[in-house]
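Novice: Below is the structure I would like to discuss, written out as structure tokens.
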């Protein structure tokens, strides 16, 4: 079927494919989350947590105060971060990222009347999402903005 | 000596990807930035698909991939006379139009990276200059902001085709520097920029270039063997890059690929996404391995060109994300596994007979 010179590539390829087919199930065991997106903290570290409080400030704007435990805020970003509980938080408003909080206080501007769900999701220094034992590490606050006086 | 090196290469082909797989570190990809917060939340707890965690599936899949490749290699043997007939024409084309395609694609990527004009998802354009690709922001490596200007200058000389060989070598150096500055995260990109740099260093400016007009693309007879070696190195780098990407991302992080397919409403072709993801992984590994081995280079180039274009259209990406690969694949499609016969400079020998 093939010339004698063709068996070298076939042998090389069969070795490669067999090696990967055997090794991949071991690597993929236990539902590992994609490393490109998530930073899994080691088990021996306490799991961070974050709570969010929202306060109205002047001009109809809202200020979020993030209280994080076992997590340090930093504005320093890295291309590849170590799995340590340090970084920043992404602020998600009704499913859309609106800001990044590099410290515990962040203003998110005015909100229209109605009910708003605002979440703070902890991220590592390389922007990957910190992964706790139950998924993302996040806090949530619901803001209800009353209708303003009608003129 | 060459034969021994080739055997070593074939053995490495089996061992290196498995080592990558077992020691896989964090890997960045622009794809991660496509997903919405809700999709990322779902991805955090997505179970590993059965087809990627079972030897009962991966074993037969590997056998099937091998059988398909063997069939393709058999067809290659039968089609060799036909390929030999059209090869000279294609190789001549590779020497003239190959370099400008490569130059302009790379120039576009370098200029946009240097100006921050092609940012990753979620970053405003023209704000964050990067190194070669949208993910590698220069602000992450203090003191290296000057690389933005270097890339813009490199883009300019590539467009004009002035000093193309030197520019190609500079691109190889930038790829290596990226590895030093950004670490393992740059492994996803370095081979796919070093290889086109090397190809430009071999071919020069080609058509529509200052170098071409001044006949600076010619080689001295003594150095011509270097062109052949350089071509093989470039081909191996490109193939190794594809195998690395397939193993580091698709094979070991399949839920990310599946989330992206879902996000883009990628056509299912009647198959579940995990199966489609496994097929994509297998195709990338086999194509990369064949490029390393220098077999089926033209058909593999066509397959990869079609696959990259189809993905880019489906995901709504700009072709500039992969302009480096388009140029290289077109060049491999024209020239094949080995370097085209580079023009040799006529050398005048002075002396007394």
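Novice: Any residue at all in region A:140-147 that is outside any helix (DSSP H, G or I), within 14 Å of chain B (Cβ to nearest Cβ) and in contact (Cβ under 8 Å) with a residue 60 or more places away in the chain?
Specialist: From region A:140-147, those outside any helix (DSSP H, G or I) are A:140-147; that's our starting set.
Restricting the remaining residues to those that are within 14 Å of chain B (Cβ to nearest Cβ) gives A:140.
Keeping just the survivors that are in contact (Cβ under 8 Å) with a residue 60 or more places away in the chain gives A:140.
Scanning region A:140-147 turns up at least one residue that is outside any helix (DSSP H, G or I), within 14 Å of chain B (Cβ to nearest Cβ) and in contact (Cβ under 8 Å) with a residue 60 or more places away in the chain.
Novice: Determine if region B:269-289 includes at least one residue that is assigned to a loop (DSSP other than H, G, I, E, B), modelled with pLDDT under 95 and more than 17 Å from residue B:58 (Cα to Cα). Let's see the steps before the verdict.
Specialist: In the first step, residues of region B:269-289 are kept if they are assigned to a loop (DSSP other than H, G, I, E, B); the result is B:269-272.
The next check asks that each one be modelled with pLDDT under 95; those that pass are B:269.
Then drop every residue that is not more than 17 Å from residue B:58 (Cα to Cα), which leaves B:269.
Taking every residue of region B:269-289 in turn, at least one turns out to be assigned to a loop (DSSP other than H, G, I, E, B), modelled with pLDDT under 95 and more than 17 Å from residue B:58 (Cα to Cα).
Novice: Looking at this structure, is residue A:41 in contact with a strand residue (DSSP E or B) (Cβ under 7 Å, 6 or more places away or on another chain) and either at the interface with chain B (Cβ under 7 Å from one of its Cβ atoms) or within 30 Å of residue B:257 (Cα to Cα) (or both)? Steps first, answer last, please.
Specialist: Working: in contact with a strand residue (DSSP E or B) (Cβ under 7 Å, 6 or more places away or on another chain): yes; either at the interface with chain B (Cβ under 7 Å from one of its Cβ atoms) or within 30 Å of residue B:257 (Cα to Cα) (or both): yes.
Judged against the criteria, residue A:41 is a match.
Novice: Could I ask something else about it? Filtering region A:95-119 down to residues that are within 13 Å of another protein chain (Cβ to nearest Cβ) and out of contact with any strand residue (DSSP E or B) (no Cβ under 6 Å at 6 or more places or on another chain), which residue is surrounded by the fewest Cβ atoms within 10 Å (Cβ to Cβ)?
Specialist: Step one: filter region A:95-119 for residues within 13 Å of another protein chain (Cβ to nearest Cβ), giving A:95-100, A:117-119.
Now restrict to residues that are out of contact with any strand residue (DSSP E or B) (no Cβ under 6 Å at 6 or more places or on another chain): A:95-96.
Numbers: A:95: 12, A:96: 10.
This residue is A:96.
Novice: For residue A:47, state whether it is over 27 Å from residue B:179 (Cβ atoms), in contact (Cβ under 8 Å) with a residue 60 or more places away in the chain and within 11 Å of chain B (Cβ to nearest Cβ).
Specialist: Working: over 27 Å from residue B:179 (Cβ atoms): yes; in contact (Cβ under 8 Å) with a residue 60 or more places away in the chain: yes; within 11 Å of chain B (Cβ to nearest Cβ): no.
No.
Novice: Is it true that some residue in region A:67-78 is closer than 30 Å to residue B:133 by Cα and at the interface with chain B (Cβ under 7 Å from one of its Cβ atoms)?
Specialist: Of all residues in region A:67-78, those closer than 30 Å to residue B:133 by Cα come to A:72-78.
After this cut, where a residue has to be at the interface with chain B (Cβ under 7 Å from one of its Cβ atoms) as well, the list is A:77-78.
Checked against the condition, which is being closer than 30 Å to residue B:133 by Cα and at the interface with chain B (Cβ under 7 Å from one of its Cβ atoms), region A:67-78 yields at least one hit.
Novice: Of all residues in region B:308-337, how many are assigned to a loop (DSSP other than H, G, I, E, B), surrounded by 14 or more Cβ atoms within 10 Å (Cβ to Cβ) and modelled with pLDDT under 90?
Specialist: Within region B:308-337, the subset assigned to a loop (DSSP other than H, G, I, E, B) is B:316-318, B:336-337.
Next, only the ones that are surrounded by 14 or more Cβ atoms within 10 Å (Cβ to Cβ) stay: B:317, B:336-337.
Then drop every residue that is not modelled with pLDDT under 90, which leaves B:317.
Residues in region B:308-337 being assigned to a loop (DSSP other than H, G, I, E, B), surrounded by 14 or more Cβ atoms within 10 Å (Cβ to Cβ) and modelled with pLDDT under 90: 1 in total.
Novice: Ok, one more. Would it be correct to say that residue A:34 is more than 7 Å from every other protein chain (Cβ to nearest Cβ) and without any contact (Cβ under 8 Å) to a residue 40 or more places away in the chain? Break it down into steps so the answer makes sense when it comes.
Specialist: Numbers: more than 7 Å from every other protein chain (Cβ to nearest Cβ): no; without any contact (Cβ under 8 Å) to a residue 40 or more places away in the chain: yes.
No; evaluated as a whole, the condition is false for this residue.
Novice: Go through region B:302-332 and count every residue that is free of Cβ contacts under 8 Å to residues at least 60 places away in the same chain, in contact with a helix residue (DSSP H, G or I) (Cβ under 7 Å, 6 or more places away or on another chain) and farther than 17 Å from residue B:280 by Cβ.
Specialist: 1
Novice: Of the numbered conditions (1) at pLDDT below 95; (2) farther than 15 Å from residue B:318 by Cα, residue B:156 fails exactly one; give the number of that condition.
Specialist: Here residue B:156 meets the rest and fails (1).
Novice: Without any contact (Cβ under 8 Å) to a residue 40 or more places away in the chain and either within 30 Å of residue B:155 (Cβ to Cβ) or touching a helix residue (DSSP H, G or I) at 6+ places or on another chain (Cβ under 7 Å) (or both): which single residue out of B:48, B:109, B:70 fits that description?
Specialist: The conditions single out B:70.
The values are calculated or read from the model by the stated rules, or taken from the named source; none is laboratory data. This structure is a prediction, so every number in the text was calculated from the model and none was measured. Reconstructed Cβ throughout: ideal geometry from the backbone, glycine too, with neighbour counts over all protein chains shown.
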